Amino acid sequence: MPCKTYGYIRVSSTDQNASRQLVAMRERNVPENNIYLDKHSGKDFNRPQCRKLTALLQPGDLLYLMSIDRLGRNYEEILTQWRILTQQIGVDVCVIDMPLLGTRCGKDLLGTFIADLVLQILSFVAQNERENIKRRQAQGGVSSSQNF
């Protein structure tokens, strides 16, 4: 059975726009019916489309993500989900805005080490940003979607 290409898109709320991520998936020729979209917080992986997609993935399939924070915003859960995808299922992952994280190339020890290091750093940044957003919201501050 030939390997398939999938895309996963996540926005944090129903009023956020996923069009930028959709365009990126289309540019990579991800079939429309293989693009899964959740409009949920990244705090955990209790997201219906993410669970559905994970259950469909097979060894050798390719999964596109726009960025690591679209996968999630919880440090430990991102690392766990990454290992499930890449080691348990055997999926290749391409992080569009961070090609260094991609698993299609550099599968030797050094490449794996570098990707793991970058993944840990970006997972930390994703969770830290989530905590900052929550703190600003609790203080009645500016949301992350507003710009000055």
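For a straight C-alpha distance cut-off of 12 angstrom, the aspartates and glutamates reachable from LYS52 (same-chain residues fewer than eight places away being disregarded) are ASP38.
Charged side chains reduced to their Cβ positions (Lys and Arg at +1, Asp and Glu at -1) give the stretch 5-138 a dipole of some 360 debye around its Cα centre. Relative protection proxy for 23-36, 56-69, from highest mean packing down: 56-69, 23-36 (other beta-carbon atoms within 10 angstrom).
Values in this text are rule-based calculations from the coordinates and carry no lab data. Note that the structure is a prediction, hence the values are computed from the model and not measured. Backbone-built Cβ (ideal geometry, glycine too); neighbour counts: all protein chains shown.
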